[in-house]
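So the structure is just underneath, and the comments pick up after that.
The values are calculated or read from the model by the stated rules, or taken from the named source; none is laboratory data. Please read all numbers here as calculations on a predicted model, not as lab measurements. When we count neighbours, we look across all protein chains shown, and the Cβ atoms used for this are built from the backbone with ideal geometry, even at glycine. Protein only, heavy atoms only, side chains kept; ligands, DNA and RNA dropped before computing areas. Shrake-Rupley method; radii C 1.70, N 1.55, O 1.52, S 1.80 Å.
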Amino acid sequence: MALTWAKELLGDAYTEQLEQKLETQIEAEYTPKAEWEAAKAKATALEEQLNAANEAIGKFEGLDADQVKAQIADYKQRAEAAEKDRDEKLASAAFDSKLENVLRDAKAKNPKLVRGALDIEKLRKSKNQDADIAAAIEAVRKSDGYLFGTVEAEPAPAGGTGVSPLPGGAKYTADELSMRKAAGLPVE
């Protein structure tokens, strides 16, 4: 390491031996500028991290661990209650839909009145709902048949047979023929 500044400062008192002693002392007591700047940058980054950590810790200041545990337990309980409520509502909607379909198929004239005659809670808790609902509706049909329409087979729609119902296989009646002729329509 050339200590040119030391030569200018000491003038004639400067020697090679003095330069060696100065270099040894400087290396022992001082850090090169590049290392110092790297250490300074690292210290700045660590200081920023420390400030962020202190800020995060500050948010937890004043919190009681038992209080936090109680809040967690409360939130768990609320979540379980909400899930149970949701499941009950879904089961209730499915049951209501099933009952409405069975009442429609049974030709209930007024489904609300038929529902009033049924023990809905018993049917809702039933293990075999389909069979129990059918049996309950059949019991209401026997005791209060006026609540239901008749379950008759609907007549099949008349299909075209290609055979005229008129005598002699005519397409039109006499009145129809005269009207068609007057209107200028074909009579064949």
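Of all positions in the range 4-16, at least one carries a residue that is modelled with pLDDT under 80, open to solvent by 60 Å² or more (accessible area, probe 1.4 Å) and hydroxyl-bearing (Ser, Thr, Tyr). Considering the range 115-131, and only residues there that are open to solvent by 60 Å² or more (accessible area, probe 1.4 Å) and under 11 Å from residue 98 (Cβ atoms), the residue that is nearest to the chain's Cα centre (by Cα) turns out to be 124.
Here is the figure for the range 89-114: residues that are assigned to a helix (DSSP H, G or I) and surrounded by 11 or more Cβ atoms within 10 Å (Cβ to Cβ) total 15. For the range 147-188, the set of residues classified as at pLDDT 85 or above, loosely packed, with under 10 Cβ neighbours inside 10 Å and not in a loop (DSSP other than H, G, I, E, B) consists of 182, 183, listed by residue number. Can you name the residue in the range 51-82 that is open to solvent by 100 Å² or more (accessible area, probe 1.4 Å) and modelled with pLDDT of 85 or more and, of all such residues, is nearest to residue 137 (Cα to Cα)? Ranking the qualifying residues of the range 51-82, first place goes to 80.
Within the range 31-50, the residues that satisfy the criterion of being assigned to a helix (DSSP H, G or I), modelled with pLDDT under 85 and of a type outside the set (Phe, Trp, Tyr) are 33, 34, 35.
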